[in-house]
Amino acid sequence: MSAAKNINITLQIWRQKNSKEKGKMESYKLNNVSTASSFLEMLDQLNEQLVNERKEPIAFDHDCREGICGMCSLYINGRAHGPDTGITTCQLHMRMFNDGDTIVVEPWRSVAFPVIKDLVVDRTAFDRIQQAGGFVSVNTSGNTIDANTIPVPKDDADKAFEAAACIGCGACVATCKNGSAMLFVGAKVSQYALLPQGKVEATNRVLNMVRQMDEEGFGNCTNTGACEIECPKGISLENIARMNREYLSASLK
Amino acid sequence: MKLDSKIPEGHISQKWTDYKDHLKLVAPNNRPKIDIIVVGTGLAGASAAASFAEMGYNVKAFCYQDSPRRAHSIAAQGGINAAKNYQNDGDSTFRLFYDTIKGGDYRAREANVHRLAEVSGNIIDQCVAQGVPFARDYGGMLDNRSFGGTQVQRTFYAAGQTGQQLLLGAYSSLSRQIGLGKVEMYNRHEMLELVKVDGKARGIIARNLITGDLERHSAHAVIIATGGYGNVYFLSTNAMGSNVTAGWKIHKQGALFANPCYVQIHPTCIPVHGTNQSKLTLMSESLRNSGRIWVPKKKEDAEAIRAGKLKPVQIAEEDRDYYLERKYPAFGNLVPRDVASRAGKEVCDEGRGIEANDTNEGVYLDFATEIQSKGKQTAYAKGNHNPSQEEILTLGKKWLEEKYGNLFTMYQKITDENPYETPMKIYPAVHYTMGGVWVDYNLQSTIPGCFVAGEANFSDHGANRLGASALMQGLADGYFVLPYTVSNYLADDIRTGKISTDLPEFVAAENSVKEQINKFLSNNGTKTVDHFHKRLGLIMWNKVGMGRNEKGLTEAISEIAALKEEFFKDVYVPGSADELNPELEKALRVADFIELGQLMAMDALQRKESCGGHFREEYQDSEGETLRDDENFSFVGAWENKGYDVTKSELHKEELKYEFIKIAARNYK
Ligand SMILES: Cc1cc2nc3c(=O)[nH]c(=O)nc-3n(C[C@H](O)[C@H](O)[C@H](O)COP(=O)(O)OP(=O)(O)OC[C@H]3O[C@@H](n4cnc5c(N)ncnc54)[C@H](O)[C@@H]3O)c2cc1C
Ligand code: SF4
Ligand code: FES
């Protein structure tokens, strides 16, 4: 274990007033950053400094700060969620950086994720894909059958769970040179494809979700695999393959 | 004001069924004539919004995040309770009811809790039907584990991500309704005021957080499902955006705020590392199934550990104090949260804390015993009856990884220590708020037409909440209670017609919000919002935290009053009103936290007893256990706001009657 120490850093951060105006990189110096701080705590510290200097703080998205809500984003030194694997930006810690480092911070960059302000982008395209079919059409009336009358083989349940672990952060899209959303959509389609509950609507689900994905302006998958590498939840490329199979068999029906 | 809890007559096991049978209905053809606003899309809000839409009402739902899938409920790790008795260990509706009442230290309403236990099984059925991937055993059946405060295995889970999976389930149902056009979803919108017309809740003022526009939205009923207020303490396990604004605004409009002093301090969080820390991270309580909690017996050992001269593994077995197992042999490491938290504070107060931070506060959660026993078990199961120590360790660690892998990784990322090799360090942190807006049996506040669900209301947990019961309550409220009780209320509204947002009440409400925003932006003070929030947090943690006493509480009340004056005079909020302005959002929230903080201290001061999360140091027995005073304090403390000066608030009491459970001292020994 490394004991915490304080470091001084320089930050290059993308500033953009709103979706209409052009943005540019700005440089900031920040001293006395504890290496035990998270990356977002470091940004808090910078914002505190900016507000005290009567400058406008940097807008960035975050909420849970435990790596689970998927709200935080950020492209850090050219990587989605920064220089560590299997984590979101809120779980990135300053001990990953050295005294004197310059750190470049940009918003997710993708046509389908327009910038709202500074580092905040609009990811509602994901919601619209979900609304197009990412569900089981069961009434919320409570008149369902006893849960254990739908047994699910443990392996299937585990695999469905792994797919369902996607937090919808968008790192896969941001990191993909084509801006493809296949990993996200593949994860959702897979979850239901693996469970008996989702079977009835499987055909419509995959067709509708893929159609919506294309309409939102996401690019195509060319099997580069960058998404899998940067995905904080380890969502596997298998899910894309499974979605493709589902799509193919749905198209043939 | 007379508080009417509207608890139905009859035997506890029949109350809800009989009551439901007699509630008024709205016929399907009339439902499209009725609008419902749901504020908050966590488990409670998303399930309610989806259910109302399914029934045919027009629903508008609001959340401040960019998507309902990100609501704070997503962070829940451990699990959700239900009385299914799948494990055949004697569980039943009554037992869940009993455990929850006892866990709540006899400060919850019997009728509400029984209803919760009754619908609990149905929640699991519903979620499974929606495709929530709960953990399963090899036979394909649902798996269960146990949680603090119970002796049965009734907790359903999805690895350490139960909240995420449940919320995604509710979100998918909500998404389906949005796709069908039955729910209008307003992301990145914050409710800043309630609009009352003729005394009834008829709409809200919301701020579009991207454009800054103030919007008027009308409806026949308003549901508040905005979560808890733990962030009053600045540091808590809550998501950073969690706030009390919606609840506080309706409180100021006449809804009573109940039991604000009941705050749950969770025993297993990662200790604070430094002054720049923005939040605390929970390590799921389910870890207590496998980990043993200890500190060194000797103070010198603790000091040596803090100084880095000793490692925990170097402390011999006989020099360790497994204090929970020692003090509470029946429940051991699985005592309820309040008990475990206080015991942890006690050993740290004695100077035996092991964390090298400002306060030396921290205890060990050790998995070594479990690694041994599970390692051996797995080896045997594989037919290897003579495993080497190394094989045992490998298999044991693998077992742990399967069960808690994501939590262990999370711990390692945050602390830079490997919990498979060295015990985790944990300490209590603010986690959940049992208090909230007062509601009757229908979940209606004292404002007609304004309902409150999930963590935002006060109703089901009493002075303490057992693990895995908040998720249960959120979904129970949203899927199975509100659809009935709100329909009953709306049955009188089928002829009302659309409510105009041009009414003078909407104009006035919008103007008051505008005025508050302008005041902040033109204040020209010198200190940041966080500066004040952190100061409030310190007062709250030190004086309205794990231990409270008359002197501290009295001081807190006046210190917060002074802080409030200073805040309004000296806060600096940059930027403008017509753009995305996170500092402005925070300022509006902190203003409400300050006032609530003061009310929490007042409530704690009047409650001259110890119960659950509320530990008044003056009221403890010779062994340091809580001393409840059932004779004088068996009531819900519900506060009525009387304007700017919170100390003028008036206390109303709802007597708690225990007809079906015999009140007893809470004993986990
Ligand atoms: C780390 C952690 C672990 C937990 N683990 C467990 C567990 O294992 N088991 C268990 O039972 N419970 C657990 N809990 C508790 C449980 O998660 C919460 O009590 C529960 O999810 C609250 O649900 P809710 O729907 O009431 O509120 P929330 O999920 O907090 O939702 C509130 C919603 O309101 C919105 N909102 C708030 N204010 C406004 C406003 N003014 N305008 C518009 N929208 C607003 C938010 O955007 C959000 O959508 C845990 C909690 C934490 C923090
Ligand atoms: S697939 Fe991974 S990277 Fe993509 S949205 Fe889901 S969690 Fe994020
Ligand atoms: S803030 Fe929630 S995942 Fe990072």
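List of remarks:
- Selection within the stretch B:175-207 - of a type in the set (A, V, I, L, M) and either within 11 Å of ligand 1 (Cβ to nearest atom) or open to solvent by 10 Å² or more (accessible area, probe 1.4 Å) (or both): B:Ile178, B:Leu180, B:Met185, B:Met191, B:Leu192, B:Leu194, B:Val197, B:Ile204, B:Ile205, B:Ala206
- Note on the stretch B:258-284: among residues that are polar (S, T, N, Q) and not in a strand (DSSP E or B), the one that is farthest from the other protein chains (Cβ to nearest Cβ) is B:Asn259.
- Any hit, the stretch B:43-62, residues being within 14 Å of chain A (Cβ to nearest Cβ), in a loop (DSSP other than H, G, I, E, B) and under 17 Å from B:Leu482 (Cβ atoms): yes
- Some residue of the stretch A:141-152 being more than 12 Å from chain B (Cβ to nearest Cβ), open to solvent by 30 Å² or more (accessible area, probe 1.4 Å) and over 22 Å from B:Ala135 (Cβ atoms): no
- The listed residue being aliphatic (A, V, I, L, M) and closer than 19 Å to A:Met213 by Cβ, out of A:Ala165, A:Ala187, A:Ala160, A:Ala147: A:Ala187
- Flag for B:Arg107 being at pLDDT 95 or above and in a loop (DSSP other than H, G, I, E, B): yes
- Matching entry among B:Asn243, B:Asn259, B:Asn238 (being buried (at least 24 other Cβ atoms within 10 Å of the Cβ), touching a residue at least 24 places away in the same chain (Cβ under 8 Å), at positive phi and not charged (D, E, K, R)): B:Asn259
- Remark: B:Gln87 matches the filter, which requires a residue to be closer than 20 Å to B:Arg154 by Cβ, open to solvent by 10 Å² or more (accessible area, probe 1.4 Å) and more than 16 Å from ligand 2 (Cβ to nearest atom).
- Checking each residue in the stretch A:95-122 for being facing chain B (nearest Cβ under 7 Å) and open to solvent by less than 30 Å² (accessible area, probe 1.4 Å) picks out A:Ile116, A:Lys117, A:Val120.
- Looking across the stretch B:320-349, the residues that are at pLDDT 90 or above and in contact with a strand residue (DSSP E or B) (Cβ under 6 Å, 6 or more places away or on another chain) come down to B:Arg320, B:Asp321, B:Tyr322, B:Leu324, B:Asn333, B:Ala340, B:Ser341, B:Gly344, B:Val347.
- Among the residues of the stretch A:47-79, those identified as among the aliphatic types (A, V, I, L, M), under 24 Å from the mean Cα position of the chain (by Cα) and not in a strand (DSSP E or B) are A:Ile58, A:Ala59, A:Ile68, A:Met71, A:Leu74.
- Number of positions in the stretch B:208-229 that are in a loop (DSSP other than H, G, I, E, B), under 16 Å from B:Val486 (Cβ atoms) and either touching a Leu at 6+ places or on another chain (Cβ under 7 Å) or away from ligand 1 (no atom under 15 Å from the Cβ) (or both): 1
- Any chance A:Asn239 is within 18 Å of the chain's Cα centre (by Cα), away from ligand 3 (no atom under 16 Å from the Cβ) and open to solvent by less than 20 Å² (accessible area, probe 1.4 Å): yes
Yes/no matrix, rows are residues, columns are (1) more than 16 Å from ligand 1 (Cβ to nearest atom); (2) open to solvent by less than 20 Å² (accessible area, probe 1.4 Å):
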position	(1), (2)
A:Arg54	yes, no
A:Ile58	yes, yes
A:Tyr75	yes, no
A:Cys90	no, yes
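- Taking the stretch B:95-132 as the range and being without any contact (Cβ under 8 Å) to a residue 60 or more places away in the chain, more than 14 Å from chain A (Cβ to nearest Cβ) and open to solvent by 10 Å² or more (accessible area, probe 1.4 Å) as the test, only B:Arg95 passes.
- Flag for B:Val195 being of a type outside the set (Phe, Trp, Tyr), in contact with a strand residue (DSSP E or B) (Cβ under 8 Å, 6 or more places away or on another chain) and away from ligand 3 (no atom under 16 Å from the Cβ): yes
- Residues satisfying the stated conditions in the stretch A:204-219, i.e. surrounded by 17 or more Cβ atoms within 10 Å (Cβ to Cβ), touching a residue at least 40 places away in the same chain (Cβ under 8 Å) and not in a loop (DSSP other than H, G, I, E, B): A:Arg205, A:Val206, A:Leu207, A:Asn208, A:Met209, A:Gln212, A:Met213, A:Gly219
- Selection within the stretch B:414-450 - of a type in the set (S, T, N, Q) and either outside any strand (DSSP E or B) or over 20 Å from the mean Cα position of the chain (by Cα) (or both): B:Thr415, B:Asn418, B:Thr422, B:Asn442, B:Ser445, B:Thr446
- Single residue of the stretch A:161-185 satisfying the filter (aliphatic (A, V, I, L, M), in a helix (DSSP H, G or I) and in contact (Cβ under 8 Å) with a residue 60 or more places away in the chain) that is farthest from ligand 1 (Cβ to nearest atom): A:Met182
- Test for A:Ala226: is it aliphatic (A, V, I, L, M), in contact with a Pro (Cβ under 6 Å, 6 or more places away or on another chain), farther than 19 Å from B:Ser175 by Cβ and touching a residue at least 12 places away in the same chain (Cβ under 8 Å): no
- Breaking point among (1) touching a strand residue (DSSP E or B) at 6+ places or on another chain (Cβ under 8 Å); (2) exposed (fewer than 13 other Cβ atoms within 10 Å of the Cβ), for B:Phe506: (2)
- Filtered residues of the stretch B:159-193 (kept if more than 8 Å from chain A (Cβ to nearest Cβ), of a type in the set (S, T, N, Q) and within 19 Å of the chain's Cα centre (by Cα)): B:Thr162
- Selection within the stretch B:133-158: residues that are within 8 Å of another protein chain (Cβ to nearest Cβ) and not small (Gly, Ala, Ser). The member of this set that is nearest to the chain's Cα centre (by Cα) is B:Phe134.
- In the set (1) outside any helix (DSSP H, G or I); (2) touching a strand residue (DSSP E or B) at 6+ places or on another chain (Cβ under 8 Å), the condition left unmet by B:Gly181 is number (2).
- Looking only at the stretch A:123-140, residues that are more than 7 Å from chain B (Cβ to nearest Cβ) and open to solvent by 30 Å² or more (accessible area, probe 1.4 Å) come to 1 in all.
- Residue check, A:Lys188 closer than 29 Å to B:Cys127 by Cβ, in a loop (DSSP other than H, G, I, E, B) and more than 16 Å from ligand 1 (Cβ to nearest atom): no
The values are calculated or read from the model by the stated rules, or taken from the named source; none is laboratory data. Predicted, not measured: the structure shown is a model, and the values here were computed from it. Note: ideal-geometry Cβ built from the backbone for every residue, glycine included; neighbour counts use all protein chains shown. Surface accessibility is based on the protein's heavy atoms, side chains included, excluding ligands, DNA and RNA. Shrake-Rupley method; radii C 1.70, N 1.55, O 1.52, S 1.80 Å.
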